[in-house]
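Scroll down for the structure; my scribbles are underneath it.
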Amino acid sequence: MSKATAVANPNIAFIKYWGKTDQALNLPANPSVSMNLAALTTVTTVEFRPGLRVDTVAIDDRPAAGQPLERVVEHLDRVRSLAGITARASVASRSDFPAGTGLASSSSAFAALSLAATRAAGLDLEEAALSRLSRLGSGSACRSVPAGFSLWEGDSDEESFARQVAPSGHWDLVDVIALVAYRHKAVSSHDGHALAATSPLHEARLAAVPGWLETVLEGIRDRNLAAMGPIIEADALAMHGVMMTSVPSLLYWMPGTVAVLQAVRMWRKEGLEVWFTLDAGPNVHCLCGPADAEEVRDRLGNLEGVRDVLVSGAGDGVRPVDYHLF
Ligand code: PMV
């Protein structure tokens, strides 16, 4: 087979990946836990063609150039070396949500690319190997490979990949996402990781993670949002504290971000059980039970600074599909 297509969902982390022990291998400074987002998808088609002189890559129907292109070509090189082939590839990738705004588009992008490219190269990797390969493209992508809720841990290149801790059907938790900006962020998370260690707060956050991780894993096991909510918020704020105090400082928040954080805390005081988290961007993910999702969506939609609201439950792992983008 020389052409294959895969679909992946991005994931939202409850315990974040921020900072690396190895920049090139994307080995994380701490373990992380996440949920795949069923309502958001990236579809990627890869075709290896013997006649091509260079890899050509289209992202959301536009030719890729610069760093995004280089990262895809490097990833194709990994797949070529695994498969023992030299052919260049045509790649098309399309996401149904805005990229680079803290919706973790690189997680679904590199998970889908890894599956489509390995299949197109004639390889059939097991989940762990596919997760590990996806990690080399973008760290968080390894967590989009298993379905549902995933834990990414492991200190070495061989051992660092994500495993499922619960399938998507285990819990009908909902992520209601407040989009406060569509603009592409100035510093990608890929580059931001390198700055984590310059923050005086980085070590303090890393020291807190093992205890937080335990609480979140128990919360997922017991479907107990009230137990893990405070930890999810604490780690999101700790990560942004590290970002803001790194050198140079990274400030991803916009006025609308703060408006949502304040509102969520006020709503909780009124009895609505909703907790926030954010990735490397201004948009806010609000976690709640299915019975509250509509209320949370309506309230977010009425806030000043919120431009759109997306709603998603837990999603599947990366999977092949039988249609192609070209
Ligand atoms: O996979 P990267 O390099 O884009 O890193 C993503 C890091 C965060 O989204 C900010 C946190 C996480 O764990 O997903």
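The values are calculated or read from the model by the stated rules, or taken from the named source; none is laboratory data. Please read these numbers as outputs of a predicted model, since none were measured by experiment. As a convention, Cβ positions derive from the backbone with ideal geometry for all residues, glycine included, and neighbour counts pool all protein chains shown. These area figures cover heavy atoms from the full protein model, side chains too; ligands, DNA and RNA do not enter into them. Shrake-Rupley method; radii C 1.70, N 1.55, O 1.52, S 1.80 Å.
Things to note:
- Listed residues Leu303, Leu136, Leu115, most fluctuating in the chain (Gaussian network, C-alpha, under 10 Å): Leu303
- Couplings 3J(HN,Hα) of the range 24-40, computed from phi: 6, 8, 6, 8, x, 5, 8, x, 9, 10, 8, 10, 6, 10, 4, 7, 10 Hz, in residue order, whole Hz [Karplus 6.51 cos²θ - 1.76 cosθ + 1.60, θ = phi - 60°; x for Gly and Pro].
- Along its three principal directions, the equivalent ellipsoid of the range 192-263 from the Cα gyration tensor extends over semi-axes of 24, 18, 7 Å, largest first.
- In the full protein context, the chain carries 41 Å² of accessible surface per residue, based on a 1.4 Å probe and ignoring ligands, DNA and RNA.
- Rounded percent of accessible protein surface that carbon and sulfur make up, the chain, 1.4 Å probe: 53
- Volume per residue of the C-alpha convex hull in the chain, rounded to whole Å³: 122
- Reciprocal mean inverse distance between Cα atoms of the range 61-204 - Kirkwood radius, Å: 16.8
- Between Trp275, Trp267, Trp171, the Gaussian network model of the chain with springs among Cα atoms under 10 angstrom shows the greatest mean-square fluctuation at Trp267.
- Rough spin-label spacing in nm, given labels placed 7 Å along Cα→Cβ, for Arg78 and Tyr323: 2.9
- Over the range 1-83, the alpha carbon radius of gyration divided by the compact-protein estimate 2.2 N^0.38 Å works out to 1.32.
- Among Gly211, Gly192, Gly66, residue whose mean-square fluctuation peaks in a GNM of the chain (springs only between Cα atoms under 10 Å): Gly66
- Packing-based ranking, highest mean first, of 23-36, 220-233, 121-134 given that Cβ atoms within 10 Å are counted: 23-36, 121-134, 220-233
- Volume in Å³ per residue [convex hull over Cα atoms, computed for the range 139-212]: 162
- Placing unit charges on the Cβ atoms only, positive for Lys and Arg and negative for Asp and Glu, gives the range 100-228 a dipole magnitude near 500 debye about its Cα centre.
- Distance cut-off 20 Å, percentage of C-alpha pairs in the range 1-143 lying past it: 42
- Ratio of Rg to Rh over the range 193-326 (Cα coordinates, Kirkwood Rh, two decimals): 1.01
- Cubic angstrom per residue, convex hull over Cα atoms of the range 234-300: 80
- One compactness figure for the range 178-219 is 1.61, namely its Cα radius of gyration divided by 2.2 N^0.38 Å.
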